[in-house]
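See below for the structure under consideration.
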Amino acid sequence: MDFRIGYEMQYSFPQPTPVIAMLNVHFTRVSDLASPDHILLHPTQPISGYRDGFGNWCSRFLAPAGDMTITADAIIHDSGEFDPVTPNIGQAEVNKLPEEALVFLLPSRFCDSDRLLDLAWTLFGATEPGTQRVQAVCDFVHNHISFGYHHARVTRTASEGYEEGLGVCRDFAHLAVAFCRALNIPARYCTGYISDEGTSRPWAPGDFAAWFEAYLDGQWHMFDPRNNVPRMGRFLMARGRDAADVAMVTTFGQNTLQSFKVWTDKLPS
């Protein structure tokens with residue numbers, strides 16, 4: 001099965017502004033691309049790239065003063081199957097975790113697990129460690145936070161999301177990640193595309209999505225507290241400690257985002 005994925009962002013910059021963009025499909029899915037997801041700039045500007053400390057591909061460019069469009073349009077292959085259900089497995093003791101997983105146990109900018117430590121053990125301490133505990137976290141977060149795009153706030157932390165009980169997909173992921181870390185389960189924030197295929201209409205306008213991965217029984221496993229059901233057409237773009245590590249576009253100067261479109265459309269067979 002093939003999907004057409006892409007985005008179009010229109011900005012206005014009052015002065016030349018450095019930009020870092022994290023907008024490419026993750027290297028683990030690059031081999032599935034039938035056509036490249038190159039970033040196109042209008043007006044055109046030189047782009048350089050590098051990998052960050054988490055292995056994500058980052059693009060750098062200098063946006064000139066005035067209007068600029070950032071866009072990409074690609075075709076990607078997919079199995080067409082729904083997300084696999086994580087088997088009922090346990091979790092490793094902290095002293096047996098690999099070193100690369102330890103950073104995902106620590107509090108971070110938006111996943112302030114230290115503030116949620118006592119609450120996490122009160123809510124989930126009686127659950128079976130491993131898959132059942134992580135799923136209990138997802139069930140709680142899914143039911144606790146009221147979703148709405150008008151609730152979006154880029155500075156909201158996990159503890160604030162818990163207190164306010166509202167947010168967007170990043171807030172669901174941040175709260176679940178923070179709870180897991182408080183429970184000694186390494187968890188990392190993920191962002192990318194999710195298709196609406198397999199869900200009932202009407203579909204909301206396209207957007208990027210956030211979920212997370214928990215380290216259980218020697219492997220990373222995907223969980224999605226926002227949807228909390230398997231979905232079809234999920235395409236990872238970046239992973240990190242929280243949304244601060246994987247911002248789609250980071251600008252170093254004033255700007256106005258004038259329009260924003262994302263698409264993840266299944267193509268006819």
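The values are calculated or read from the model by the stated rules, or taken from the named source; none is laboratory data. Values in this document were obtained by computation on a predicted structure and should not be read as measured data. Please note: Cβ atoms are built from the backbone with ideal geometry, for glycine as well, and neighbour counts cover all protein chains shown.
Listing for the model above:
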read-out: Any pair with Cβ under 7 angstrom, 6 or more apart, that starts in the range 84-112 at a residue that is more than 25 Å from D245 (Cβ to Cβ) and ends at one that is at pLDDT below 95; value: I89/D217; G90/D217
read-out: All strands (runs of 3 or more DSSP E) inside the range 1-89 with 2 or more residues being under 23 Å from D207 (Cβ atoms); value: 2-13, 17-21, 40-42, 57-63, 66-77
read-out: Single residue of the range 199-232 satisfying the filter (assigned to a loop (DSSP other than H, G, I, E, B) and touching a Gly at 6+ places or on another chain (Cβ under 8 Å)) that is nearest to P98 (Cα to Cα); value: D217
read-out: Sole exception among (1) without any contact (Cβ under 8 Å) to a residue 40 or more places away in the chain; (2) touching a Phe, Trp or Tyr at 6+ places or on another chain (Cβ under 8 Å); (3) farther than 15 Å from A243 by Cβ for S146, by number; value: (2)
read-out: Whichever residue in the range 178-201 is charged (D, E, K, R) and surrounded by fewer than 23 Cβ atoms within 10 Å (Cβ to Cβ) and, among such residues, is modelled with the lowest pLDDT; value: R201
read-out: Hits in the range 132-186 (condition: among the acidic types (D, E) and closer than 20 Å to D114 by Cβ); value: E160, E163, E164, D171
read-out: Sole residue being under 30 Å from Q254 (Cα atoms), assigned by TED's automatic domain parsing to the domain that holds T191 and within 24 Å of the chain's Cα centre (by Cα), chosen from R60, R109, R51, R115; value: R109
read-out: Set L102, L175, L123, L119: member being hydrophobic (A, V, I, L, M, F, W, C), surrounded by fewer than 17 Cβ atoms within 10 Å (Cβ to Cβ), in contact with a Phe, Trp or Tyr (Cβ under 8 Å, 6 or more places away or on another chain) and assigned to a helix (DSSP H, G or I); value: L119
read-out: Per-region count, the range 1-53, residues surrounded by 14 or more Cβ atoms within 10 Å (Cβ to Cβ) and touching a residue at least 40 places away in the same chain (Cβ under 8 Å); value: 26
read-out: Only listed residue being touching a residue at least 40 places away in the same chain (Cβ under 8 Å), farther than 24 Å from M248 by Cα and among the polar types (S, T, N, Q), chosen from T157, T131, T122; value: T131
read-out: Options T127, T131; residue that is over 19 Å from the mean Cα position of the chain (by Cα), closer than 23 Å to R239 by Cβ and of a type in the set (S, T, Y); value: T131
